[in-house]
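Asks: Okay, here's the structure, questions in a sec.
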Amino acid sequence: MTSSARCWLRPAPPATPEVITDPARRRQLKIELLIVFSITLGLSGARSLLSLVDSLLRPEPLNRQQVAINVPQAAADLIDLLKQLLSALQLFGWGALGLYLLWRGGMRLAEIGMDRQARWRDLRRGVGLTALIGIPGLLLYFAGYQLGFNLAVQPSTLDDTWWRPISLTVSAFGNAFAEEMLVVGYLLTRLRQLGRSENSSLLIAAVLRGSYHLYQGVGGFIGNLVMGLVFGRIWQRTNRLWPLVVAHALLDVFAFVGYALLRGRISWLP
């Protein structure tokens, strides 16, 4: 293993939070987890499962069906823009909720890797992680699509307006912040405090990440499960969350904006 790889995987200085043994406090944390995910990504996972079941019950095979991620929400351009931004704001709010609950419980930003002490290193790592995950992820999606495990995913069906790239970029960063903050920073920290092992916590978080992508098909679940395992392990060994947010945001920007620009110009795009 190279020295740079060892540096990447070396645990960060902040100590692992102490395991909470007080029964009342443990019960509070479990209730908190249930509430947070029942109104955020856990609910999205349940909806995605129902969407997949609905798709499987249709006569057409999965790869003959389409699903869009960013869709028009109003007929009037200005109203559509405002609703797109409000949807992104909700995602930022979800991530902020997880961050606030950790902070309110006495944790510092540095303990989950959300401080700005290593911002340039975090940025470089995020860009590298984008390539590490993005290329295999794209190949996995197309393989699943060709094998009939995935629906034809359309990252955007927004009209060609001046604000489309802006809206899609904001949405990409909202997705990245909400998912990495809740599924990695918040959930894995709470599971550590409840005494869960690193491996079982990692699996729980990865399955959750895969669950709210089930609307894309079985391949969408598997691809995001793998991404969750990689992202979660990196955080467990480095305690840096910003590289994951950067990588996720860049992946979504390339997918959302790139698809919007190339749609109709490349024949094999759905």
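The values are calculated or read from the model by the stated rules, or taken from the named source; none is laboratory data. Bear in mind that the values here come from a model prediction, so they are computed numbers and not experimental data. Glycine gets a Cβ as well: all are built from the backbone with ideal geometry, and neighbour counts include every protein chain shown.
Asks: Scan region 56-86 residue by residue and report those that are aliphatic (A, V, I, L, M) and in a helix (DSSP H, G or I).
Replies: Once the filter is applied, which keeps residues that are aliphatic (A, V, I, L, M) and in a helix (DSSP H, G or I), region 56-86 yields 56, 57, 62, 78, 79, 81, 82, 85, 86.
Asks: Is it the case that residue 246 is touching a Ser or Thr at 6+ places or on another chain (Cβ under 8 Å) and either at pLDDT below 95 or over 30 Å from residue 56 (Cα atoms) (or both)?
Replies: In short, yes.
Asks: While we're on this one: Enumerate the pairs (first residue in region 255-270 and within 19 Å of residue 175 (Cβ to Cβ) and modelled with pLDDT of 70 or more; second residue anywhere and surrounded by 10 or more Cβ atoms within 10 Å (Cβ to Cβ) and among the small types (Gly, Ala, Ser)) with beta-carbon separation below 7 Å, excluding pairs fewer than 6 apart on the same chain, so at least 6 apart or on different chains.
Replies: As it stands, the answer is 256/156; 256/171; 256/172; 259/156; 260/156, since those pairs meet every condition given.
Asks: Would you confirm whether or not region 7-24 contains a residue that is surrounded by 15 or more Cβ atoms within 10 Å (Cβ to Cβ) and at pLDDT 95 or above?
Replies: No, that holds for no residue.
Asks: Please determine, by comparing only the residues of region 144-182 that are modelled with pLDDT under 95 and among the acidic types (Asp, Glu), which one is surrounded by the most Cβ atoms within 10 Å (Cβ to Cβ).
Replies: The qualifying residue surrounded by the most Cβ atoms within 10 Å (Cβ to Cβ) is 159.
Asks: Being in contact (Cβ under 8 Å) with a residue 40 or more places away in the chain and closer than 29 Å to residue 186 by Cα is the filter here, so list the residues in region 47-66 that pass it.
Replies: Matches in region 47-66: 47, 48, 49, 51, 52.
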